[in-house]
Amino acid sequence: ALRAGESARARDLYLRLLRLQQGIEDLPGIAVTTINLATAYHRLGDGAAARRLLDAVLDDKTGLFPPATRSEAAFRRAVMGLDAGETTEALANLSLARNLCAQPCRLETGLLNVEGRLALATGDHAQARALATAARDRAEPTERDEQANAIRIIAAADALAGQLDAALAGFQNALARDKELAAGDRIIGDLEAIADILTRLGRYEDAKTYRQRAAAVREARRQSSPE
């Protein structure tokens, strides 16, 4: 359900599944479903609920959650920190995720992208591009989210470097991928990034069209969000 972009439906499904798993003490199932539920909340814009779930995993002292689950929780917290502009929190959780992730780390592609986003936040476009390129090149076919993330980071790095034509092509590529993933928030971000680049290129009417498209998607998502 998450990959179909139906985050509200996914949240409800994961909530029911989690209760069932808790009722039979399915510990591996509880670990996986907790992470999935937190991801659904995050995509719905309910950061507080997502953080509560992830913090419960990270703060657990009972041994309920294995290191692999705690590593993924720290990774998700790092992503949420970046989305909220909290780079210090993101960096701390990135470090924790790396420390907890057994080698070879199955989260490596995503962690490289987080590092790339942190480099962007400091204005280091060369490092951001290098990290995202490494993420893109190592991504498995199943890591479609991270492939799109890497392409988006490379495009943002190109924009910072003044390589506007390359940045435009990159964001358009990311937009096409995010549409396949039905990633609404990312679609809005892609459309707005394209509009910004078109403005810098002096293509003001085209930029206006992309801003209108972004506004239309945002409004449609607002109207379809659960109360």
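Regarding the range 78-95, can at least one residue be identified that is farther than 28 Å from Arg222 by Cβ and buried (at least 19 other Cβ atoms within 10 Å of the Cβ)?
There is at least one residue in the range 78-95 that is farther than 28 Å from Arg222 by Cβ and buried (at least 19 other Cβ atoms within 10 Å of the Cβ).
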message: Quick check on the range 81-97. Is at least one of its residues in contact with a Cys (Cβ under 9 Å, 6 or more places away or on another chain) and either of a type in the set (S, T, N, Q) or without any contact (Cβ under 8 Å) to a residue 40 or more places away in the chain (or both)?
response: yes
Pair list, Cβ under 9 Å, 6 or more apart: the range 46-59 residue within 27 Å of Arg222 (Cα to Cα), other residue open to solvent by 20 Å² or more (accessible area, probe 1.4 Å) and of a type in the set (A, V, I, L, M, F, W, C): Gly47/Ala84; Ala50/Leu44
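When the range 91-124 is examined, which residues are found to be among the charged types (D, E, K, R) and closer than 16 Å to Arg77 by Cα?
Residues satisfying the conditions are Arg98, Glu108, Glu115, Arg117.
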- request: Could you pull out the residue among Arg43, Arg52 that is at pLDDT 85 or above and among the basic types (Lys, Arg)?
  value: Arg52
task: For Gly63, state whether it is small (Gly, Ala, Ser), at pLDDT below 85 and more than 16 Å from the chain's Cα centre (by Cα).
output: yes
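The values are calculated or read from the model by the stated rules, or taken from the named source; none is laboratory data. Just so it is clear, the structure is predicted and the values come from calculations on it, not from any experiment. Methodologically, a virtual Cβ is constructed for each residue, glycine included, from the backbone with ideal geometry; neighbour enumeration extends over all protein chains shown. Accessible surface is based on the protein model in full, side chains and every heavy atom, while ligands, DNA and RNA are left aside. Shrake-Rupley method; radii C 1.70, N 1.55, O 1.52, S 1.80 Å.
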